[in-house]
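The block underneath contains the structure these notes are about, expressed in structure tokens.
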Amino acid sequence: MCSARVEFLLPADPAATERCGQWLGEHLRPGDVVALVGELGAGKTTLVRGLARGLRVNDAEAICSPTYLLVVEHPGPVPLLHADAYLPDKLRGFLDDGGLEYLLDRRSVSVVEWGNLVQNYLPASTLWVEIGLAADGGRAVALRAGAATDFSWIAGGPKMSFRD
């Protein structure tokens, strides 16, 4: 299975990271799973806030890190399930106790911060988003899908600038 991978840079502006997330959210569909990977402070939660805007959730401004809550549901036309695996043993326990069925609800888009820490629970068709600090203070973003047919819209990368 051949995977698709696209890399691009964002300027050193949190609003650009949110706009990138919004672009992602506008392309996602119910049942999609997104795994975010990046160090503390890389911009994962900022990206999710934009993604929520793209999905048109009811209160995108309410998006914050769900580290101690494990999974937060944000209602909207397509609900967003926002999970955090920063405390992987805690999330794994939840998933093992039946939470996986909830997290992978086909009516929602599921986003898992620190997804690499629970990758064995995530479907092969997960969209992986790696975000990190770039040399200029901006963000380096890489999108990877398991197969070229999964999330085919990432193939050409964003067709827009995330700058103001």
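Please go through the stretch 1-35 and pick out each residue that is farther than 18 Å from Trp153 by Cβ and under 15 Å from the mean Cα position of the chain (by Cα).
Thr17, Glu18
Check Tyr86 against each of (1) under 20 Å from Asp32 (Cα atoms); (2) hydroxyl-bearing (Ser, Thr, Tyr); (3) under 15 Å from the mean Cα position of the chain (by Cα) and name the one condition it does not meet.
So the condition that Tyr86 fails would be (1).
Could you grab me the full set of residues in the stretch 25-35 that are buried (at least 20 other Cβ atoms within 10 Å of the Cβ) and touching a Gly at 6+ places or on another chain (Cβ under 6 Å)?
Correct list: Gly25, Ala35.
How many residues does the stretch 119-142 hold that are more than 15 Å from the chain's Cα centre (by Cα) and either free of Cβ contacts under 8 Å to residues at least 12 places away in the same chain or in a helix (DSSP H, G or I) (or both)?
Counting residues in the stretch 119-142 that are more than 15 Å from the chain's Cα centre (by Cα) and either free of Cβ contacts under 8 Å to residues at least 12 places away in the same chain or in a helix (DSSP H, G or I) (or both) gives 3.
Just to be sure, is Asp96 loosely packed, with under 15 Cβ neighbours inside 10 Å, at pLDDT below 90, farther than 21 Å from Thr45 by Cα and of a type in the set (D, E, K, R)?
Criteria met by Asp96.
Any idea how many residues of the stretch 96-149 are touching a Gly at 6+ places or on another chain (Cβ under 7 Å) and acidic (Asp, Glu)?
The number of residues fulfilling the criteria is 1.
Residue-wise test of (1) loosely packed, with under 15 Cβ neighbours inside 10 Å; (2) among the acidic types (Asp, Glu); (3) at pLDDT below 90; (4) at positive phi.
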| residue | (1), (2), (3), (4) |
| --- | --- |
| Leu10 | no, no, no, no |
| Ala16 | no, no, no, no |
| Gly43 | no, no, no, yes |
| Val48 | no, no, no, no |
| Ala62 | yes, no, yes, no |
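What pairs can you find where one residue is in the stretch 41-54 and farther than 10 Å from Cys20 by Cα, the other is among the hydroxyl-bearing types (Ser, Thr, Tyr), and their Cβ atoms are less than 6 Å apart, with a gap of 6+ or different chains?
Gly43/Thr17; Thr45/Ser65
For Val6, which of the numbered conditions (1) touching a Gly at 6+ places or on another chain (Cβ under 8 Å); (2) more than 20 Å from Ala145 (Cα to Cα); (3) surrounded by fewer than 20 Cβ atoms within 10 Å (Cβ to Cβ) fails to hold?
Here Val6 clears every test but (2).
Would you say Gly76 is touching an Asp or Glu at 6+ places or on another chain (Cβ under 7 Å) and modelled with pLDDT of 90 or more?
Here the answer is no, as Gly76 does not meet what is asked.
Quick one: which strands (runs of 3 or more DSSP E) lie wholly within the stretch 1-103 and hold at least 3 residues that are farther than 17 Å from Ala142 by Cα and either among the polar types (S, T, N, Q) or touching a strand residue (DSSP E or B) at 6+ places or on another chain (Cβ under 9 Å) (or both)?
71-74, 80-84
I'm told Ser108 meets every condition in (1) at pLDDT 95 or above; (2) of a type in the set (Ser, Thr, Tyr); (3) in contact with a helix residue (DSSP H, G or I) (Cβ under 7 Å, 6 or more places away or on another chain) except one. Can you identify the failing condition by its number?
The single condition Ser108 does not satisfy is (3).
Report, by residue number, each residue of the stretch 143-157 that is assigned to a strand (DSSP E or B) and surrounded by fewer than 16 Cβ atoms within 10 Å (Cβ to Cβ).
Hits for the stretch 143-157: nothing passes.
The values are calculated or read from the model by the stated rules, or taken from the named source; none is laboratory data. These numbers were taken from a predicted model, which means no experiment stands behind them. When we count neighbours, we look across all protein chains shown, and the Cβ atoms used for this are built from the backbone with ideal geometry, even at glycine.
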